[in-house]
Amino acid sequence: MMAPCRRNRAVNAAQLLSRRRRGVTDAGSLIRLNTRILRNILLQDNRDFIKVWSKTSKSTIMYENGKIYFENYRNCYSCLHSEPQVLYKLPKRSKLEKFEDALLCQSPLDKSLASPSDHKPSLLTLTANNWLYRLSAETGKELQRVYLSSNHKFRYLGWEVSQETFYVKSVQNKETPLERQAGITHNTVLHLAIFHVFPLQIVGIVEINRKVFGNGVTDVVLSQGVLAVSHSNKSVKLYSFEHIVQRYMTEKLMLGEHSSLLGGKKVGEAPFGIPVNIKITDCLPVLFEVSCTNNGVQIGGYPWHYIYTPPQKNHKGTHRICSLKDNIMATNGIQNMSCNSLENDSIFFHPDDSGRIIHVGPTTINVLKILDELNSSLPSKVVKDFSMMTLRNINPTSQVTVTSSGRTVKRRFQQLDDDPDQETFRVVEYEDELDLLAVVLTNGEEGEGRAHIRLHDNQSGQLQRRIDLHEPWDETYRHELFFDKDTIVHIEQKNANFCCHVYKLKANRK
């Protein structure tokens, strides 16, 4: 028997409220309908994004999941209201207790935990004196603290698997000028401490040393179960972190429990912290290796592919897309914008997990997809899904002009593709719940840099609407833009200061 055909028809707000009242149990359907209604409202002509709030700071401003953080994560504002409101302000901290880095943890939905506080969103913060705090994301109240080490200086936090496992990275152990002059070298490069979240629990600390990974190690990143090691010779090598844990872990640790590696002292308490319990003693099997510019290799797509730029100067500006299975380059796998600009073009796998690729240049954004036939001996193929273009004068400026007297004058320079006086792509942001691409463009024709946002449908690239930003946009400074449902956050740096601008979706009063 065939399943009944499901009609794809619009559901208005009244019908949605009626479903809620009747207790419709399919939460997933309600969420999809909610976001569909919000998208339709957002794209209506009688709605607009209005600037409602601005705030400056002398320290870096961060935004994540509806929250804006000031003063090294001490002050938090919520963007859920018509304009940002203070969630909490923590007391000033000494230089030793200053927050160095932070990660926001959302609530786990797939497991029951012993402590009620474990089910609430929390902010993981790393202090300058090696304490890891878990704070309530709503109040800033301390929920848990762990002392890392008195031997290693930890400074960076990063997700290994988002909302599941994170790592804390130490600063690199570099020789002093006197040590280099005396020929003294340190075997240890850095340390990584790996934790599970929900509940917060230690996996272990691993030492990255030159005897195992080579003398030219410049950086280490942990992501999706893979340890990526960058080298000074432009190569990147990937290793299985699961293999490292299974083979080289000397003792399983538990926070607050006694450890023989600490002489019976408790794990995570000062002054002993957490011992190094993952000690790599021999060379590891390399999963994958590639030489690339700036140690930049990206893996994604379906089936798995990787993107890189060869390190040779003659390949500058070209990006290669190859199959991870056999390292064969895809047909049409060399992507080159051939742009003459100060800023390099960028290319990355689409964050919507569709396996597509976004290639951003000053005048063009190409959304590419990878075609691969199952069980075929032919290489995969990269094709264009759609493109977005700037609206600028397509006639190139003539390099030769003739004066009124008939004299020919040849220009000594060529106008750049990202010239501030021309409309230029600057930022691409994806809103996953609304399935929209927000693209920032600048134009300085009026003598002052102005910016606007174009919203495009993520599936077709079709332009949906335009939003003007009120504040000037100086492309010589760093900018970040976040598009989060009914909120747009623009963070800019001006000399030594930072400024945050918030726009909210409101009814148009025209």
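The values are calculated or read from the model by the stated rules, or taken from the named source; none is laboratory data. Only a predicted model underlies this, so the values are computations on that prediction, with no experimental measurement involved. Cβ sites come from the backbone with ideal geometry, for glycine too, and all protein chains shown count toward neighbours. Each accessible area value is taken on the protein alone, full model and side chains, heavy atoms only, with ligands, DNA and RNA left out. Shrake-Rupley method; radii C 1.70, N 1.55, O 1.52, S 1.80 Å.
The set of residues in segment 148-162 being open to solvent by 30 Å² or more (accessible area, probe 1.4 Å), within 29 Å of Gln224 (Cβ to Cβ) and touching a Phe, Trp or Tyr at 6+ places or on another chain (Cβ under 8 Å) consists of Trp159 alone. Where strands (runs of 3 or more DSSP E) fall entirely within segment 63-157, those with at least 3 residues that are within 19 Å of Phe195 (Cα to Cα) are at 99-105, 122-127, 131-136, 142-147.
Remark: pairs (first residue in segment 164-191, modelled with pLDDT of 75 or more and assigned to a helix (DSSP H, G or I); second residue open to solvent by 70 Å² or more (accessible area, probe 1.4 Å) and not β-branched (Val, Ile, Thr); Cβ separation under 7 Å; 6+ apart in sequence or on different chains) are absent. The selection criterion, being among the small types (Gly, Ala, Ser), free of Cβ contacts under 8 Å to residues at least 12 places away in the same chain, out of contact with any His (no Cβ under 7 Å at 6 or more places or on another chain) and closer than 30 Å to Ser122 by Cβ, does not hold for Ser136. Cβ-Cβ below 9 Å, separation at least six or inter-chain, first residue in segment 316-334 and of a type in the set (Asp, Glu), second part of a strand (DSSP E or B): which pairs? No pair meets every condition. Lys266 satisfies every condition listed in (1) among the basic types (Lys, Arg); (2) out of contact with any Gly (no Cβ under 8 Å at 6 or more places or on another chain); (3) closer than 30 Å to Leu143 by Cβ except (2).
Determine whether segment 360-373 contains at least one residue that is touching a residue at least 40 places away in the same chain (Cβ under 8 Å), farther than 24 Å from Phe425 by Cα, of a type in the set (D, E, K, R) and open to solvent by 40 Å² or more (accessible area, probe 1.4 Å). Checking segment 360-373: at least one residue is touching a residue at least 40 places away in the same chain (Cβ under 8 Å), farther than 24 Å from Phe425 by Cα, of a type in the set (D, E, K, R) and open to solvent by 40 Å² or more (accessible area, probe 1.4 Å). Residues in segment 72-97 that are charged (D, E, K, R) and buried (at least 18 other Cβ atoms within 10 Å of the Cβ): Arg74 alone. Among residues that are touching a helix residue (DSSP H, G or I) at 6+ places or on another chain (Cβ under 9 Å) and either open to solvent by 10 Å² or more (accessible area, probe 1.4 Å) or of a type in the set (A, V, I, L, M, F, W, C) (or both), Gln464 is included.
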